[in-house]
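The values are calculated or read from the model by the stated rules, or taken from the named source; none is laboratory data. Owing to the predicted nature of the structure, the values given are computational and were not obtained by experimental measurement. Backbone-built Cβ (ideal geometry, glycine too); neighbour counts: all protein chains shown. SASA here: full protein model, heavy atoms, side chains in, ligands and nucleic acids out. Shrake-Rupley method; radii C 1.70, N 1.55, O 1.52, S 1.80 Å.
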Amino acid sequence: MSGAMLEQRQLGRRELLKLGLMAGLMGLASCGRASAAPLLRATPETLPKKWRRSLPVPWSYQPIEVDAGRNPFIAALEQGNDLLALGDGWLTSLPAKTLQRIEAPGLQDRLDGQARAFQFSLGSALQSRVLPVGVSPWVLLFRQGDPWALQARSGWQVLLDPALKGRVVLPQSPRLLMSLAERMQVADGLRQLRAQAYTFDDRQGLNWLIQGKARVAVLPLQRCLPSLRRDPRLSVVLPNSGAPLNWTVLVRSALTREPLPQQWVEQSWQEPLLGQLLAGGWIPPLPRAELRLALRAIPKAYRSIVLPSKQVWSRCWSLPVLTAVQQIELDQRWRQSTP
């Protein structure tokens with residue numbers, strides 16, 4: 001091979017190496033920009049899509065998948081994800097040290113009485129680190145439920161009706177079921193309630209209700225309203241005795257430097273997005289007077305469910321965060337109530 005040809009080949013190789021190096025650096029830079037963008041994480045069903053899609057630039061959203069293993073939100077916080085949206089049931093196992101304060105007085109000052117009571121119930125370690133942004137009462141969703149309509153309006157004891165044995169879809173949460181059983185005021189209520197179950201699966205509760213032999217499911221209102229409009233067999237009841245509340249909250253990682261996207265939250269608390277979210281059963285934690293301004297967006301048939309009377313709303317309740325001792329006691333009580 002001539003010297004000229006060898007030199008040409010070596011130059012060609014050097015050019016290829018340079019191109020490869022440049023491409024690699026550009027790729028790393030691109031990854032760096034992507035990782036630097038503030039990140040919101042939540043399970044797919046936690047936030048309404050209309051609100052989630054309005055997340056401002058440069059924020060991005062990444063879903064969290066839940067399985068039977070470790071609390072996925074703890075891992076997300078340890079990875080430094082900036083902002084998490086989660087249901088209040090996850091807070092019991094979330095160490096306060098993994099969170100930092102949420103400085104948003106313009107939002108916190110607007111919270112209604114239920115939201116303030118919920119925050120207070122979290123205790124001093126968490127209440128300044130958790131911002132309620134939405135709430136949805138747990139309701140009774142019936143398929144062809146006329147035989148139980150009157151009894152259901154009265155209270156949760158309808159779930160113990162002998163005709164519903166083996167036809168009830170209950171939530172997976174033992175704590176929620178214990179709370180419902182306590183409100184029934186019947187002897188051995190928890191054991192009786194568990195004996196009524198067709199399955200314990202609120203995440204797939206709607207599918208069980210529509211496709212199986214189940215006749216009633218206990219679900220958050222926000223998972224019910226879209227299906228009510230499509231399936232005339234379905235009906236929903238919020239008992240006059242009140243209901244447990246399913247809160248959605250925002251928390252900030254202790255590792256993040258990103259401030260809360262406050263304007264994004266404010267957007268969901270005002271028209272036109274406010275009315276659209278209410279119509280889907282997602283209730284911002286604002287005073288009733290503010291929410292009634294968006295009443296026209298809610299179909300008439302569901303207005304008394306989405307915005308119940310002041311008396312019914314005052315009877316609704318939140319589930320407090322459990323201490324380690326309380327969690328042990330709950331586990332023992334659950335085992336003892338096995339049908």
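Can you check what the Kirkwood hydrodynamic radius comes to for the stretch 227-269, Cα pairs only, in Å to one decimal?
Here the Kirkwood hydrodynamic radius works out to 14.9 Å.
Rounded to the nearest 500, what is the 222 nm mean residue ellipticity of the chain from helices alone, with -39500 (n - 2.57) per DSSP H run of 4+ residues and division by all residues?
Numbers: 16 runs with 136 residues, N = 339.
Computed mean residue ellipticity for the chain: -11000 deg cm²/dmol.
Only four residue types carry charge here, +1 at the Cβ of Lys and Arg and -1 at the Cβ of Asp and Glu. Report the dipole size of the chain about the Cα centre in Debye, rounded to the nearest 20.
With only Lys, Arg, Asp and Glu charged at Cβ, the dipole is about 640 debye.
Give the accessible surface of the chain per residue, rounded to a whole number of Å², with probe radius 1.4 Å and ligands, DNA and RNA excluded.
Per-residue accessible area for the chain comes out at 50 Å².
How long are the three semi-axes of the equivalent ellipsoid for the stretch 196-319, computed from the Cα gyration tensor as the root of 5 times each eigenvalue, in whole Å, largest first?
Working: eigenvalues 150, 79, 46 Å².
Ellipsoid semi-axes (Å, largest first): 27, 20, 15.
Which FRET efficiency, nearest 0.05, do Arg257 and Lys50 yield, Cβ-Cβ r, R0 30 Å?
That gives a FRET efficiency of 0.55.
What spacing in nm lies between the two simple spin-label points modelled at Gln326 and Ser124, each 7 Å away from Cα in the Cβ direction?
Distance between label points: 1.7 nm.
How large are Rg and Dmax for the stretch 66-153 when calculated on the C-alpha trace, in angstrom?
Using the Cα atoms of the stretch 66-153, the pair Rg, Dmax is 17.2, 51 Å.
Please state, as a whole number in µm²/s, the translational diffusion coefficient that the Stokes-Einstein equation yields for the stretch 28-174 at 37 °C and 0.692 mPa s, with Rh defined as the Kirkwood radius across alpha carbon pairs.
The estimated diffusion coefficient comes to 176 µm²/s.
Let me know the longest stretch in the chain that avoids all GluC sites (Glu not before Pro) found in a DSSP loop with at most 14 other C-beta atoms within 10 Å. Please list the in-between numbers first.
Details: sites that count: Glu45, Glu65, Glu103.
With a cap of 14 other Cβ atoms within 10 Å, the longest stretch comes to 104-339.
Can you give me the % of accessible surface on the chain that is carbon or sulfur? Probe 1.4 Å, all protein chains present, nothing else counted. Let's see the in-between values first.
Working: 9250 of 17100 Å².
Carbon and sulfur: 54 percent of the exposed surface of the chain.
Could you pull out every residue, at least 5 positions away or on a different chain, whose amide H is within less than 5 Å of the one on Val130? Hs are placed 1.01 Å off N in the peptide plane, and Pro or chain starts have none.
Here the answer is Ile102, since their amide H atoms fall under 5 Å of that of Val130.
Return the loop-located trypsin sites (Lys or Arg not before Pro) in the stretch 49-96 (DSSP other than H, G, I, E, B) with at most 15 other Cβ atoms within 10 Å of their own Cβ; answer none if there are none. Before the final figure, lay out the partial values.
Numbers: sites: Lys49, Lys50, Arg52, Arg53, Arg70; in loops: Arg53, Arg70.
Answer by residue number: Arg53, Arg70.
In whole angstrom, and with the biggest value first, how far do the Cα coordinates of the stretch 106-192 range along each principal axis?
Extents along the principal axes, in whole Å: 49, 26, 21.
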